[in-house]
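Participant: Structure provided below as structure tokens; questions to follow.
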Amino acid sequence: MNSYWPEFFTVALVHLLAVASPGPDFAVMLRQALCQSRKNALLTSVGIGAGILVHVSYSLLGIGLIIQQSIMLFTVLKVAGALYLTWIAVQCLKARAGGVYVDTETGSPQSGFAALRLGFLTNALNPKATLFFVSLFSVIISPGTPVAVQAGYGVYMALATAFWFTLVAVFFTLPAVRRGFNRFGHWLDRLMGGILLLLAGQLLFSTVSGAELPSDPSTGMDQ
């Protein structure tokens, strides 16, 4: 087992750089922390961590390579991700001054399940996360590494991701921090909506133009 520590530390470092980079996960997490209860923000961080397990699972099964090499499947994934980001962006753009985010479908405050689902789907439908994990499991992690050890790496990354976004949630739900954003919170919400729309547009543009996305894991999974 000791022989896998260098590989693990490499995986941990690359993952840290990736998860800390700005992208859909961070934008959604920031919005949740500033516009929702701390409980909902924490549930969203757990959902993002759980989404990591989806990418780890298909990478271990080899399905990730199939997705990466199939133009049609990867295009479907990118379009699905772009549409979901667009849906979130529209909810952000509907933000009104005062109060927390209200679900436009039910007209009631966001439920705990909805907060968890939001984090999970935001990460699971991120095609750049797909490329990150496929690259990670094919470039950095040796094919000779036992599946159980690789699965352990995956569990670590899921927990580390959830922990990172938990810290983000706790910090931005501090009363002093939230008071600082209180007066223009709805404008921040709309800004997050604009950013998510840009990310969705970037995904759709890359789909139409057929541009290749980077396969180097160091480019980050949350861009």
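Participant: Pairs needed: first member in region 193-219, among the acidic types (Asp, Glu); second member anywhere, modelled with pLDDT of 75 or more and surrounded by 12 or more Cβ atoms within 10 Å (Cβ to Cβ); C-beta distance under 7 Å; at least 6 residues apart or different chains.
Facilitator: 216/135
Participant: Separate question: I need the helices (runs of 4 or more DSSP H) fully contained in region 114-184, keeping only those with at least 2 residues that are in contact with a helix residue (DSSP H, G or I) (Cβ under 6 Å, 6 or more places away or on another chain) and at pLDDT 90 or above. I'd like the intermediate steps shown before the answer.
Facilitator: Numbers: elements: 127-135, 147-172, 175-182.
Answer list for region 114-184: 147-172.
Participant: Is there any pair with a first residue in region 147-167 that is over 17 Å from residue 54 (Cα atoms) and a second that is β-branched (Val, Ile, Thr) and crowded, with 20+ Cβ neighbours inside 10 Å whose Cβ atoms are under 7 Å apart and which are 6 or more apart or on different chains, and what are they?
Facilitator: Close Cβ pairs (under 7 Å, with a partner that is β-branched (Val, Ile, Thr) and crowded, with 20+ Cβ neighbours inside 10 Å) amount to 164/19; 165/48.
Participant: Also: Given 20, 12, which one is within 22 Å of residue 81 (Cβ to Cβ) and in contact (Cβ under 8 Å) with a residue 12 or more places away in the chain? Let's see the steps before the verdict.
Facilitator: Values: 12 fails: within 22 Å of residue 81 (Cβ to Cβ).
Every option except 20 fails the conditions.
Participant: While we're here: Out of the residues in region 56-71 that are modelled with pLDDT of 80 or more and among the aliphatic types (A, V, I, L, M), state the one that is surrounded by the most Cβ atoms within 10 Å (Cβ to Cβ).
Facilitator: Filtering region 56-71 for residues modelled with pLDDT of 80 or more gives 56-62.
Checking the rest, the ones that are also among the aliphatic types (A, V, I, L, M) come to 56, 60-61.
Working: 56: 22, 60: 17, 61: 11.
Per the criteria, the residue is 56.
The values are calculated or read from the model by the stated rules, or taken from the named source; none is laboratory data. Computed from a prediction, not measured in an experiment: that's the story for all the values here. When we count neighbours, we look across all protein chains shown, and the Cβ atoms used for this are built from the backbone with ideal geometry, even at glycine.
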